[in-house]
Amino acid sequence: MTDLRDLYQEVIIDHGRRPRNFGPLADANRTAEGFNPLCGDRLTLYLKVEDGVIRAARFDGAGCAISTASASLMTEALTGRTEAEAEALFAAFHGLVTDGPGAADLGKLAVLAGVRAYPSRIKCATLAWHTLHAALAGQARPATSE
Ligand code: ZN
């Protein structure tokens with residue numbers, strides 16, 4: 001179990017330090033901003049959605065390692081998914097970090113399961129997802145992880 005936990009931490013540290021899909025997306029047609037006041041994490045999410053499918057997802061901003069890693073892993077997981085699949089993934093991910101592993105296969109996103117033990121960190125891990133929800137819903141107001 002220790003080995004697995006170390007592996008999970010390695011993935012989080014790697015994505016926290018070298019986030020994937022980081023930087024603006026020139027032809028984005030959905031964007032949203034997210035803010036987690038408890039930790040100070042801020043991010044802007046950029047999506048290119050065509051025919052209900054997320055063709056590209058990028059983000060920028062500044063936050064702690066957990067929020068950055070979560071956003072990085074999320075953008076990787078979103079590409080090629082329909083909006084409905086993305087919302088379902090959000091629900092499954094939210095369940096993972098609040099209630100623990102469920103039936104859904106979350107792939108690499110499962111590395112964030114450990115935040116469940118740290119309630120204040122759950123906000124960091126879910127910020128990108130709340131921002132995704134806002135972007136898909138077309139909300140103008142900044143998303144928070146509250
Ligand atoms: Zn944070």
Would region 3-115 count as rounded, prolate or oblate if I go by the C-alpha gyration tensor, calling it rounded below 1.5 in a/c and otherwise prolate when a/b exceeds b/c, oblate otherwise?
oblate
Under 5 Å between amide hydrogens, which residues at least 5 positions from residue 144 or on another chain qualify, with H placed 1.01 Å from N in the peptide plane?
35
Per the rule of 0.36 nm per residue minus the C-alpha distance, extending residue 20 to residue 110 adds in nm 30.7 nm
Under the helix-only model (-39500 (n - 2.57) for each DSSP H run of 4 or more, divided by the residues of the chain), the mean residue ellipticity at 222 nm, to 500 deg cm²/dmol, is -15000 deg cm²/dmol
Mind checking the angle between helix 83-99 and the chain's longest principal axis? C-alpha axes, 0 to 90 degrees, to the nearest 10.
30 degrees
Using alpha-carbon positions, the gyration tensor of region 58-121 gives root eigenvalues a ≥ b ≥ c; with a/c under 1.5 called rounded, otherwise prolate if a/b exceeds b/c, else oblate, the class is oblate
Cα-centred dipole magnitude for the chain, charges only on beta-carbon of K, R (+1) and D, E (-1), debye, nearest 20
320 debye
From the square roots a ≥ b ≥ c of the eigenvalues of the alpha-carbon gyration tensor of region 100-146, which class results: rounded (a/c under 1.5), prolate (a/b over b/c), or oblate?
oblate
Over the chain, what is the percentage of antiparallel beta bridges among all DSSP beta bridges, to the nearest 5?
85 percent
Set Lys and Arg Cβ to +1 and Asp and Glu Cβ to -1, take the dipole of region 2-137 about its Cα centre, and tell me which of 36, 128, 11 lies farthest positive.
36
Residue 29 label point, 7 Å along Cα→Cβ, cut-off 20 Å on backbone N: hits in region 78-119?
78-87
Normalised by the number of residues in the chain, what is the relative contact order in percent for Cα pairs under 8 Å and 6+ residues apart?
29 percent
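Where a number appears in this text, it was derived from the coordinates with a stated rule and is not lab data. Not measured: the values here are computed from a predicted model. Neighbour counts run over all protein chains shown; Cβ positions are idealised from the backbone, glycine included.
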